[in-house]
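What follows is a short report on a single structure.
The values are calculated or read from the model by the stated rules, or taken from the named source; none is laboratory data. Note that the structure is a prediction, hence the values are computed from the model and not measured. Because the Cβ atoms are built from the backbone with ideal geometry, glycine has one as well, and the counts that use them run over all protein chains shown.
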Amino acid sequence: MHILNTLTAITLIFLFGMVFANSGSLAASPSLRLRVGYTSVGGNRAPLWIAKDQNIFNKYGLDVELVYIPGAATAVPALLSNDLQILAGSAATTLQAASQGAKLVIFGTFGPTPYILFTRPEIKTPAQLKGATIGISRTGSSDYYALRRALQKLGLAPDRDVKIVTSGDASVRWSALDKNLIQATLTSASTMLRRPIQANPLVELIKLG
């Protein structure tokens with residue numbers, strides 16, 4: 001699937017066999033208890049919050065606790081230890097774990113993450129990114145891979161033309177961009193809606209193909 005190949009999809013990930021291991025308990029109790037983790041706060045998480053707020057999980061016999069864990073690199077170990085049973089996180093980290101022998105199954109997607117490369121107001125073209133520092137959540141995260149791919153499509157060489165640094169979650173990176181500690185970052189439009197600052201939406205990654 002194209003979405004999975006881009007490694008920027010937000011996916012729902014099940015521990016292999018979890019459903020079958022718990023199917024007996026579902027019949028014996030009024031609901032199946034699940035801890036569902038999510039790794040970022042944005043509009044693409046709305047289906048989880050709506051399902052929780054509107055009691056849709058309960059309607060289908062699921063007692064769901066939503067748990068925010070910043071970054072898939074931290075959340076995947078929680079999934080593997082069964083502290084979480086489902087994870088809404090990046091395909092990139094999940095596929096990396098699976099390649100190392102982790103028993104994981106990707107069974108659904110919310111669609112591609114609507115990443116936008118936001119820059120300082122004075123940066124108006126991709127060429128002006130040369131020499132800039134770009135903040136990501138962490139190395140190996142979905143925004144890390146998405147950024148490197150986007151830079152290549154914009155004619156820039158990651159690590160040579162720009163400096164990529166770990167800067168924390170979206171709210172922290174947004175503040176760093178405002179203070180000129182970084183000159184660009186990948187995030188969604190919902191970040192700007194929560195805290196408007198002077199920033200330039202240089203490019204929507206989905207339009208890069």
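Things worth noting here:
- Exactly one residue among 181, 202, 186, 156 is closer than 18 Å to residue 132 by Cβ and either surrounded by 20 or more Cβ atoms within 10 Å (Cβ to Cβ) or not assigned by TED's automatic domain parsing to the domain that holds residue 130 (or both), and that residue is 186.
Conditions tested, residue by residue: (1) in contact with a Ser or Thr (Cβ under 7 Å, 6 or more places away or on another chain); (2) of a type in the set (S, T, N, Q); (3) under 19 Å from residue 196 (Cα atoms); (4) in a loop (DSSP other than H, G, I, E, B).
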residue: 106; (1), (2), (3), (4): yes, no, no, no
residue: 128; (1), (2), (3), (4): no, yes, no, no
residue: 143; (1), (2), (3), (4): yes, no, no, no
residue: 165; (1), (2), (3), (4): yes, no, no, no
residue: 168; (1), (2), (3), (4): yes, no, yes, yes
residue: 177; (1), (2), (3), (4): yes, no, yes, no
residue: 181; (1), (2), (3), (4): no, no, yes, yes
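- Search result, residues across the stretch 138-158 that are of a type in the set (Gly, Ala, Ser) and out of contact with any Leu (no Cβ under 9 Å at 6 or more places or on another chain): 140, 141, 155
- Scan of the stretch 183-204 for residues that are in contact with a strand residue (DSSP E or B) (Cβ under 6 Å, 6 or more places away or on another chain), outside any loop (DSSP other than H, G, I, E, B) and of a type in the set (S, T, N, Q), ordered by number: 185, 200
- Failed condition for residue 138, given (1) at pLDDT below 85; (2) over 16 Å from the mean Cα position of the chain (by Cα); (3) in a loop (DSSP other than H, G, I, E, B); (4) not acidic (Asp, Glu): (2)
- Every test in (1) free of Cβ contacts under 8 Å to residues at least 60 places away in the same chain; (2) in contact with a strand residue (DSSP E or B) (Cβ under 9 Å, 6 or more places away or on another chain) is passed by residue 179 save one, and that test is (2).
- Per the listing 142, 171, the residue uniquely out of contact with any strand residue (DSSP E or B) (no Cβ under 8 Å at 6 or more places or on another chain) and not aliphatic (A, V, I, L, M) is 171.
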